Amino acid sequence: MAAPVTTIGNKSVRKGSIFRLEKLYFDVDKTELKAESQAELDRLFAFLNDNPSVTIEVRGHTNNQMWPNVDFANELSSDRAKAVADWLVAKGIAANRVQYKGFGWTMPVEPNINAEGRKKNQ
């Protein structure tokens, strides 16, 4: 049996799939969500609010500009993912529905070969 499909914005999501949030922004080496992230956060909140059986894992990443400080990269990415999870919980999503994990620069969402790719990993 195929996994059920739900949508967030105009994108389809299946159980177990990875859905990348495109417009979450952080300053360099910071964990506070920037105001420009609000629309994307609101979309995620609405999706979770409309689909109360969904549990998510928020994944954080960094670019490779802090090489070779792997510990800082891992901590920063984890703290960024936690910032998103905390925001959702503060808005009323049950904490047991929101997990988070940081990957540092080990699983970039875009190649770290130019400024554009590094910004997306930030």
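Worth pointing out:
- Checking (1) -0.36, -0.68, -1.01; (2) -0.54, -0.91, -1.17; (3) -0.45, -0.78, -1.05 against the coordinates, the calculated log10 I(q)/I(0) by the Debye sum over Cα atoms at q = 0.12, 0.16, 0.19 Å⁻¹ falls under label (3).
- Distances between placed amide hydrogens fall under 5 Å for Gly60 paired with Ala81, Lys101, Gly102, Phe103, all partners being 5 or more residues away or on another chain.
- Solvent-accessible surface of segment 17-122, taken per residue with a 1.4 Å probe and all protein chains present: 59 Å².
- For the pair Ala39 and Leu21 in one chain, pulling the backbone fully straight at 0.36 nm per residue adds 5.4 nm over the alpha carbon distance.
- Relative to the longest principal axis of the Cα atoms of the chain, the long axis of helix 38-50 lies at roughly 30 degrees.
- Figure legend: label point modelled 7 angstrom from the Cα of Lys30 along Cα→Cβ; residues of segment 88-122 with amide N under 18 Å from it are 119-122.
- Summed side-chain charge close to Glu110 - residues other than Glu110 whose Cβ falls under 9 Å, Lys, Arg +1, Asp, Glu -1: +2
- When the residues Phe26, Phe19 are ordered by accessible surface, computed with a 1.4 Å probe over the protein chains alone, the sequence from largest down reads Phe19, Phe26.
- Distance in nm between pseudo-label sites at Ala115 and Val54 (7 Å out along the Cβ direction from Cα): 3.5
- For segment 21-37, Karplus couplings with θ = phi - 60° (6.51, -1.76, 1.60), whole Hz, Gly/Pro x: 7, 8, 10, 9, 10, 9, 5, 4, 6, 10, 10, 7, 5, 7, 4, 5, 7
- Euclidean distance between Cα centres, segment 27-41 to segment 76-116, Å: 11
- Solvent exposure, largest accessible area first (probe 1.4 Å, DNA, RNA and ligands not counted), of Val28, Val89: Val28, Val89
- Accessible area ranking (1.4 Å probe, heavy atoms, ligands and nucleic acids excluded), largest first, for Arg118, Arg14, Arg59: Arg14, Arg59, Arg118.
- With the whole protein complex present, Glu116 retains an accessible surface near 120 Å², based on a 1.4 Å probe.
The values are calculated or read from the model by the stated rules, or taken from the named source; none is laboratory data. All values derive from a computational prediction rather than experimental measurement. Don't worry about glycine lacking a Cβ; one is built from the backbone with ideal geometry, like all the others, and counts go over all protein chains shown. Surface areas here come from the heavy atoms of the whole protein model, side chains and all, with no ligands, DNA or RNA. Shrake-Rupley method; radii C 1.70, N 1.55, O 1.52, S 1.80 Å.
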